[in-house]
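Notes follow once the structure below has been shown.
The values are calculated or read from the model by the stated rules, or taken from the named source; none is laboratory data. The structure displayed is predicted, hence computed values, not measured ones. Please note: Cβ atoms are built from the backbone with ideal geometry, for glycine as well, and neighbour counts cover all protein chains shown.
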Amino acid sequence: MRILITGGLGTIGSCLTARLVKQGHKVTVYDNMEIGHSDNLKIYLSDPEISEIHIIKRDILDKEHMSVAVSGSDIVYHLAATLGTLNVVSQPSRMLNVNSLGTHLVSDLCVSNNIPLVLMSTSMVYGKNPKTSVSEKDDLFVKGDIDVGLWWYAISKMADEAYANSLLLENKRAKILIIRPFNVIAPLQSPAAGFVFPRFFRSAYLNEPLLVYGNGKQKRTFTWAPDFVDSLLKLVDKDVFRITVNIGGTESITISDLAKCIIKTTNSSSVIKYIDPQDLFSGQFDEIDQRSPDVSLLRSLSGVVPETSINEMIVNFSSYYKKYFNIQDRGLSRY
Ligand SMILES: NC(=O)c1ccc[n+]([C@@H]2O[C@H](COP(=O)([O-])OP(=O)(O)OC[C@H]3O[C@@H](n4cnc5c(N)ncnc54)[C@H](O)[C@@H]3O)[C@@H](O)[C@H]2O)c1
């Protein structure tokens, strides 16, 4: 198959790209390399395998190139987006343009060319829903002040879901699969955007304090990228479209405990420092006590749910981190 992956050099994208190349597909990656890097592919693929990938270094808002790239494809996986607390709060209008206008463009191009589309939404669309585990039919809401920048990311993805669903309503034959990922972790995830796993690892290896936001009691579920890709590709193989599905791990941990486990695994002399994130993000930060996915729908549709434990993820991440990262150079010291 001829497969187009936008954002195919990022955290999830590089894992997905590699898997599809290994399966023998003709893969085109469309990525502006703002965050992603072709080096990310090196942990999964050999140089000859990487040379088979057609990489287009362009922005998804570049309608002309996007349109040519989409038109020659049998399926499009649309992953390109602006995400990560730091990126979201530092360039909110750019984020809204890329995540909404860019996604609407890709969606229109796919539907008008009758090309199946897989769209990445986010678990953040559940907002402050207080349920212990959230399922696809649960309420999506942002409670409180809409002026808090972090929620604008969730709103951009809600707009994508609404737009995709409007296209599905108007086009009975259109094929769009909407995925809501929960904290996907991959070996070369950069600490630069502020994601907690790489941020903690970088600090631990530098024996610097691990900065925990708030009291550290907030609980999160993490998902190992290769597991995420297994579930996603199973859905596509089974031709599951015109539906929204959570993909996430089944184990959760408090952020404080995560910090302790990472310090222990890396034999670091780092300490944990509890800080007020509002000081770092100019009042644009918000978060919830816990968020975990109900994966019953994923289980029933694909039969494959992410199973890697948090401990295994920490051990895996640690071995890749030591081998591949130039710890001093990657990421921002402030985070
Ligand atoms: N990783 C997670 O935990 C998570 C959670 C929920 C949702 N998602 C969604 O999954 C998708 C992939 O996430 P990821 O973690 O791999 O992100 P990432 O930041 O690692 O990768 C995104 C990729 O898109 C590229 N990109 C960004 N803006 C672009 C633009 N305007 N034009 C072209 N390329 C652009 C980047 O260079 C990068 O390679 C995103 O849509 C994200 O919103 C991810």
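Of the strands (runs of 3 or more DSSP E) lying entirely inside the range 144-227, those carrying at least 2 residues that are within 13 Å of the ligand (Cβ to nearest atom) and within 23 Å of the chain's Cα centre (by Cα) are 176-181, 219-221.
In the range 220-236, the residues that are basic (Lys, Arg) and surrounded by fewer than 21 Cβ atoms within 10 Å (Cβ to Cβ) form Cβ pairs under 6 Å with partners that are part of a helix (DSSP H, G or I) and at pLDDT 95 or above, at six or more places apart or across chains, as follows: Lys234/Ser302.
Suppose we filter the range 60-78 for residues that are of a type in the set (Gly, Ala, Ser) and part of a loop (DSSP other than H, G, I, E, B); how many remain? Steps first, answer last, please.
Within the range 60-78, the first condition is being of a type in the set (Gly, Ala, Ser), and the residues that meet it are 67, 69, 71-73.
Adding the requirement that they be part of a loop (DSSP other than H, G, I, E, B) leaves 72-73.
Adding up the residues that qualify gives 2.
When the residues of the range 67-92 are filtered to those that are closer than 17 Å to Asp108 by Cβ and not aliphatic (A, V, I, L, M), the one that is nearest to the ligand (Cβ to nearest atom) is His78. Checked against the criteria, Leu83 counts as touching a residue at least 60 places away in the same chain (Cβ under 8 Å) and either part of a loop (DSSP other than H, G, I, E, B) or not aliphatic (A, V, I, L, M) (or both). Selection over the range 9-33 of residues that are more than 7 Å from the ligand (Cβ to nearest atom), touching a residue at least 12 places away in the same chain (Cβ under 8 Å) and either touching a helix residue (DSSP H, G or I) at 6+ places or on another chain (Cβ under 7 Å) or not aliphatic (A, V, I, L, M) (or both) gives a count of 13. Considering only residues in the range 111-133 that are more than 18 Å from the chain's Cα centre (by Cα) and outside any loop (DSSP other than H, G, I, E, B), the one that is surrounded by the most Cβ atoms within 10 Å (Cβ to Cβ) turns out to be Val111. The condition of being within 20 Å of the chain's Cα centre (by Cα) and over 21 Å from Lys323 (Cα atoms) holds for only one of Asp74, Asp31, Asp62, that being Asp31. Considering only residues in the range 40-59 that are outside any helix (DSSP H, G or I) and among the hydrophobic types (A, V, I, L, M, F, W, C), the one that is nearest to the ligand (Cβ to nearest atom) turns out to be Ile56.
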